[in-house]
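Enquirer: Encoded as structure tokens, here's the structure I'll be asking about.
The values are calculated or read from the model by the stated rules, or taken from the named source; none is laboratory data. Because the structure is a prediction, the values reported are computed rather than measured. Cβ placement follows ideal geometry from the backbone for every residue including glycine, while neighbour counts extend to all protein chains displayed. Only protein heavy atoms, including side chains, enter the accessible area calculation; ligands, DNA and RNA are left aside. Shrake-Rupley method; radii C 1.70, N 1.55, O 1.52, S 1.80 Å.
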Amino acid sequence: VIYWSFSIRYVAFILEKQLMSQSGLYSKLNQKKQHTLREAVSLEGVGLHSGVSVKLTIKPAAIDHGIVFKRIDINTDHAVIPAKWNFVSDTHLCTTITNPQGISVSTIEHLMAALSGCGIDNATIEVNGPEVPIMDGSSEPFVSIFQSSGVVEQNADRQLLKIRKPVEILGDLGECIILSPAEEFSIEFEIDFNSMAIKEKSLDISLVNGTFNHDISGARTFGFLEDVDKMRAAGLGLGGSLDNVVVVDGSNILNTGGLRYNDEFVRHKILDCVGDVYLAGGPIVGRIKAFKTGHYFNNKLLRQLFSEADAWEWITLPEEKNQPRYELASALV
């Protein structure tokens with residue numbers, strides 16, 4: 001009986017380690033260490049706004065490297081762009097980062113959200129065009145390829161951004177986003193679009209233990225049919241289609257199959273927020289409450305946060321004594 005019990009617990013432990021490594025569904029236990037990809041992965045697709053076909057290769061990187069983009073279509077030694085809040089240069093309909101030499105990459109938010117959700121701290125992202133491919137309009141294709149590749153632990157403590165006091169950004173039209181102290185990362189988001197098709201307008205969710213990957217990553221970007229011609233006349237949305245955007249026409253959803261979730265619109269706004277705030281340079285320990293905000297306010301929040309030295313600090317998680325190691329055992333039994 002003792003041998004059988006130990007065997008079950010050992011198998012549970014191995015399965016748990018595999019799940020955490022391969023899927024990025026990590027608990028507090030392995031949030032303590034930095035992570036990177038097991039191997040390089042590649043995707044191809046079209047840029048949502050540029051309409052340009054793009055290939056993306058995401059490579060493992062060393063400890064403390066962070067997330068860094070590299071434009072391999074530009075023949076210069078200065079084509080590297082750190083994925084940091086202070087490199088954000090444009091937030092109109094997407095998030096764009098630009099280095100001091102003027103080299104940029106745009107629509108990074110869905111990929112950044114996937115990196116956050118899978119607990120990836122260090123990676124080099126090579127892109128042969130001006131924009132990250134939109135894929136299906138969500139983070140799910142990125143999460144899926146990370147899960148297939150596997151995520152590996154590195155021998156260095158992970159730095160977490162602990163929020164010490166509330167930081168608030170208000171807009172002229174009632175927009176509001178607040179980042180407050182908390183014991184884990186959570187987002188409460190409310191949207192306010194004048195559309196009969198958008199019925200579920202708020203969601204409050206704790207983004208720990210794989211919740212992003214399960215419940216948020218599949219939510220697609222969306223737009224309104226009435227805005228399409230105006231966007232394309234401005235050189236935007238050139239790669240958009242029903243394959244990568246939820247299109248709303250009055251009270252109708254034009255996509256075959258409709259929505260993936262009843263509240264897909266607000267879930268996608270949370271997805272964007274997760275990606276944008278991962279530009280802080282690490283995972284946040286705090287709570288975001290947002291109303292009618294987007295990329296501009298997400299970046300402005302980080303800029304305000306880092307301007308107040310007493311509002312934040314980088315921490316590492318302490319070792320926990322008597323931490324149970326076989327949480328899956330009871331489920332397997």
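Enquirer: Output the strands (runs of 3 or more DSSP E) that fall wholly within the range 83-122 and possess 3 or more residues being farther than 20 Å from Met135 by Cα, or say none.
Expert: Details: elements: 88-90, 96-98, 104-106.
Once the strands (runs of 3 or more DSSP E) in the range 83-122 are filtered for at least 3 residues that are farther than 20 Å from Met135 by Cα, what remains is 88-90.
Enquirer: Among the strands (runs of 3 or more DSSP E) lying completely within the range 210-320, list those that include at least 3 residues that are not aromatic (Phe, Trp, Tyr).
Expert: 246-249, 287-291
Enquirer: For the range 204-246, give me the residue count where each residue is aromatic (Phe, Trp, Tyr) and under 16 Å from Thr256 (Cβ atoms).
Expert: So the count comes out to 1.
Enquirer: May I pose another question? Collect the residues in the range 72-98 that are of a type in the set (D, E, K, R) and free of Cβ contacts under 8 Å to residues at least 24 places away in the same chain, keeping them in residue-number order. Even if it seems obvious, please write down each step before you answer.
Expert: Filtering the range 72-98 for residues of a type in the set (D, E, K, R) gives 73, 77, 84, 90.
Within the range 72-98, Asp77, Asp90 meet the criteria.
Enquirer: Looking at Ile108, Ile125, Ile163, Ile120, which one is closer than 17 Å to Lys55 by Cα, in contact with a Gly (Cβ under 8 Å, 6 or more places away or on another chain) and either open to solvent by less than 10 Å² (accessible area, probe 1.4 Å) or free of Cβ contacts under 8 Å to residues at least 24 places away in the same chain (or both)?
Expert: Result of the check over Ile108, Ile125, Ile163, Ile120: Ile108.
Enquirer: Just name the residue that is nearest to Met196 (Cα to Cα) out of those in the range 239-259 that are touching a residue at least 60 places away in the same chain (Cβ under 8 Å) and more than 18 Å from the chain's Cα centre (by Cα).
Expert: So in the range 239-259, the residues touching a residue at least 60 places away in the same chain (Cβ under 8 Å) come out as 239-240, 243-246.
Those left that are additionally more than 18 Å from the chain's Cα centre (by Cα): 239-240, 243, 246.
Working: Gly239: 26, Gly240: 22, Asp243: 22, Val246: 15 Å.
Only one residue fits best here, namely Val246.
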